[in-house]
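The values are calculated or read from the model by the stated rules, or taken from the named source; none is laboratory data. All figures in this text were calculated on a predicted structure; none of them were measured in a lab. FYI the Cβ positions are ideal-geometry reconstructions off the backbone, even for glycines, and counts take in every protein chain you see.
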Amino acid sequence: MSRRGVELGLRENAAQFTLLVAVNALVGAMVGLERSTLPLIGSDEFGVASTVAVLSFIVAFGLAKSLTNLAAGALAERIGRRRLLIAGWALALPAPLLIAVAPSWGWVVAANLFLGVNQGLAWSMTVLMKIDLVGPKRRGLALGLNESAGYGGVALAAAASGWLAGAFVARDVLVIAGFAVALAALAISVLFVRDTGAHVALEQTRDHSGADRSAPRLRDAFLATSFRVPRLRACSQAGLVNNLNDALAWGLVPLFLAADGASPGQIGLVAGIYPAVWAVAQIWTGHWSDSVGRKPLIVAGMLLQAAALALLSASGGAVSVATLAAVVLGAGTALVYPTLIAAISDSVTPVARAATVGVYRFWRDMGYVVGGLTVGLLADAIDPAATIAVVAGLTALSGLWVAVGLPGRPARRSALPQAAVDPW
């Protein structure tokens, strides 16, 4: 079914979908450049001794990204997805500049505020635009491909920056590569990406003709996603805990491995393997959730992440064991990450999607704030291994919450989303 030549479907929108996959790989590369090097730069180049102080850049990043997600979800229906995507890439340019001239660690923290805004706008819009293009039947697959591209970019950039940091100055690697990625993505977004507002209107008219066609107020979306609707609440807390884990992997694991004598190249390998497994597996897990439903994959993924962190805690910083833990952690995250967004999107009408996904992504990326503070304080108060064990326990509890709080539902084939029974 089409509306003025607009069609829903992966095949029908293959060119724009592929372009957005490439853009999201660049989104991931921007943050991946910091994965294996920035915690070490903080401790080595700037002499930051406290773990919580080193991890302050993650707190700044998470706070900026989560608030931007919230605003982007509310603004997407009013301003348009493409305009927000372009704005996100324009705001990425100050990040490498601030790192280049930084005389103190505070400048690096400020750079990560810009990086968080970039990630909140650019990643949110690529997610929404892919969902808009494919329609309800292939939503899990679309999100799997989107997140696979993004975290593939994270993995490649993390591994490459760690390897290059062994031969060149780590800060120079971040600055040069960051400028190159941001400029390339900005040019692609301006010249080639098209807005998907017409696809949203088509799906709303076709599948939800009896529903309210106005986007919900941000206050209503926030309360429903955070507290009032049990399935949305369960997904939001799982997203937060998932990114708490990612904050640990990003900020504490490089320091944990370095303390046991791992080289920058070895740290880059571990930092790259985790998102690489996560990236590749998401193609399959997102598609799988379209057939078997969302809940089984989310619960299994959270429990698998908990097991991986328990293994890492017991590794003593040994690179071989940490590498195995990174593989398991990546597999668990792959089960969870695209499936949570698909579960959120299943539950609301197309016009409510941007605001609801924005609130979910707000809570998910607050996991960086909670994780950066919690992991840093615990690591300073006790030790890194015990901190990782505590996070493993929190992750297991989060998985059990989803098992209780997220209703089971049949596989999504030709059925309409559950949004028809929701207030939107």
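Structure notes:
- Helices (runs of 4 or more DSSP H) (entirely within the range 20-129) containing at least 3 residues that are at pLDDT below 90 and either at positive phi or out of contact with any Gly (no Cβ under 6 Å at 6 or more places or on another chain) (or both): 38-44, 56-79
- Test: residue in the range 380-388 that is in a helix (DSSP H, G or I), among the acidic types (Asp, Glu), closer than 16 Å to ASN242 by Cα and at pLDDT below 95: no
- Hits in the range 322-370 (condition: charged (D, E, K, R) and either surrounded by fewer than 24 Cβ atoms within 10 Å (Cβ to Cβ) or touching a Pro at 6+ places or on another chain (Cβ under 9 Å) (or both)): ASP346
- As a summary of the residue check, ARG11 satisfies the conditions (1) modelled with pLDDT of 85 or more; (2) basic (Lys, Arg); (3) under 15 Å from the mean Cα position of the chain (by Cα) except for the one numbered (3).
- All positions within the range 223-238 that are among the basic types (Lys, Arg) and touching a residue at least 12 places away in the same chain (Cβ under 8 Å): ARG231, ARG233
- Of all residues making up the range 234-271, the number that are more than 17 Å from the chain's Cα centre (by Cα), under 20 Å from PRO39 (Cβ atoms) and in a helix (DSSP H, G or I): 15
- Where helices (runs of 4 or more DSSP H) fall wholly inside the range 168-233, the ranges with 2 or more residues that are modelled with pLDDT of 80 or more, touching a strand residue (DSSP E or B) at 6+ places or on another chain (Cβ under 9 Å) and more than 30 Å from ILE99 (Cα to Cα) are 197-207.
- Verdict on ASN24 being touching a residue at least 24 places away in the same chain (Cβ under 8 Å), among the polar types (S, T, N, Q), under 26 Å from LEU164 (Cβ atoms) and surrounded by 24 or more Cβ atoms within 10 Å (Cβ to Cβ): yes
Here's the yes/no breakdown for (1) modelled with pLDDT under 90; (2) aliphatic (A, V, I, L, M); (3) within 26 Å of ALA379 (Cβ to Cβ); (4) buried (at least 24 other Cβ atoms within 10 Å of the Cβ):
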{"position": "PHE256", "(1), (2), (3), (4)": "no, no, yes, yes"}
{"position": "HIS287", "(1), (2), (3), (4)": "yes, no, no, no"}
{"position": "SER291", "(1), (2), (3), (4)": "yes, no, no, no"}
{"position": "ALA314", "(1), (2), (3), (4)": "no, yes, yes, no"}
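- The set of residues in the range 84-130 that are over 17 Å from ASP365 (Cβ atoms) and of a type in the set (Phe, Trp, Tyr) comprises TRP89, TRP105, TRP107.
- Selection within the range 134-154 - crowded, with 24+ Cβ neighbours inside 10 Å and farther than 14 Å from ALA342 by Cβ: ALA149, GLY150, TYR151, GLY153, VAL154
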